[in-house]
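For reference, the structure is listed below as structure tokens.
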Amino acid sequence: MARALIMVPATARRGEIVEIKATVAHPMESGFRHTQLGTLIPRDIVTQFVCTYNGVEVFSAEFFPAISANPFISFSTVATESGTLVFNWIGDNGFSVTESAAISVS
Amino acid sequence: MTDRKRNRISRRQFLLAASGVATGLAFEPAGATVAEMRAAISKLVGPASVTNGRVTLELPPLVDNGNAVALAVRVDSPMTEADHVKAIHVFTEKNPQPYVATFRLGPRAGRARVATRVRLADSQTVVAICEMSDGTFWSDSVNVVVTLAACLEEQ
């Protein structure tokens, strides 16, 4: 379905702060635009983003229509242990995308 | 001569005033107001006060295309269990809604910096408010000039 792109370093030292970048393909229709016939285009946006690290939530975000199409987000986390980072986007009309990335910590 | 000059100036002033009224009317339904943004901020902050500082909002001062503007917020915080950033909120003055995004982070972030891309519907002031673990609020605001506004027009 929708395509998600994630950038997580494959390896990290214990205690290192790693930068994570994530984006998902989504039009982010604001709900403020009209068609040429004057009908309002209904809102269709991604409303929530959650990142969990081995099951523990480390970062989350709430989006509003003022976020650009294909919402991009960059944040950081401390590499504590080897495991998986799970990214979940939730939006209008039942939109839900889950993507994961593995990180090995030495 | 003096009469004519006075007339000409008043006509110019009238036209200026008229165009001001016209643009004011044209933009009013589309955008939120400064008062709406203030209301949204006070709803978030509650009785606490917001202090300027500790937060750095990174935005280009001149924006060519308001559809995707790189925005980053950096907070001066040690990000320890005792003293960390709980949340970062971003607000705008003249977009249709004052809300842009809320980021929730904690000591496991290691560093208090988030980046995303936003839409800006007009030249305006963007405000970032940071909520600390001790319950204090800090802010930073940036004035941006937008040449091509984010799409509110017909598709």
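Looking only at residues of the stretch A:71-81 that are open to solvent by 10 Å² or more (accessible area, probe 1.4 Å) and either modelled with pLDDT of 95 or more or facing chain B (nearest Cβ under 8 Å) (or both), we find that the one that is farthest from A:Ala12 (Cα to Cα) is A:Phe72. If you go through the stretch A:37-49 one residue at a time, do you hit one that is at pLDDT 95 or above and closer than 17 Å to B:Gly110 by Cβ? No. Of the residues contained in the stretch B:66-77, none is found to be among the acidic types (Asp, Glu), surrounded by fewer than 22 Cβ atoms within 10 Å (Cβ to Cβ), within 12 Å of chain A (Cβ to nearest Cβ) and not in a strand (DSSP E or B). Evaluating B:Ala121 against the criteria (1) open to solvent by less than 20 Å² (accessible area, probe 1.4 Å); (2) in a strand (DSSP E or B) leaves one unmet condition, (2). From the list B:Phe103, B:Phe137, the one residue that fits, being within 25 Å of A:Gln48 (Cβ to Cβ) and touching a helix residue (DSSP H, G or I) at 6+ places or on another chain (Cβ under 9 Å), is B:Phe137. Going by the structure shown, is B:Thr56 in contact (Cβ under 8 Å) with a residue 12 or more places away in the chain and loosely packed, with under 14 Cβ neighbours inside 10 Å? So B:Thr56 fails the test.
Looking only at residues in the stretch B:96-114 that are in contact (Cβ under 8 Å) with a residue 60 or more places away in the chain and either within 7 Å of another protein chain (Cβ to nearest Cβ) or not in a loop (DSSP other than H, G, I, E, B) (or both), the one that is surrounded by the most Cβ atoms within 10 Å (Cβ to Cβ) is B:Pro96. Of all residues in the stretch A:15-34, those being open to solvent by 40 Å² or more (accessible area, probe 1.4 Å), assigned to a loop (DSSP other than H, G, I, E, B) and free of Cβ contacts under 8 Å to residues at least 12 places away in the same chain number 0.
The values are calculated or read from the model by the stated rules, or taken from the named source; none is laboratory data. These numbers were taken from a predicted model, which means no experiment stands behind them. We place every Cβ from the backbone using ideal geometry, glycine too, and count neighbours over all the protein chains shown. Keep in mind that these areas ignore ligands, DNA and RNA; they rest on the heavy atoms of the full protein, side chains included. Shrake-Rupley method; radii C 1.70, N 1.55, O 1.52, S 1.80 Å.
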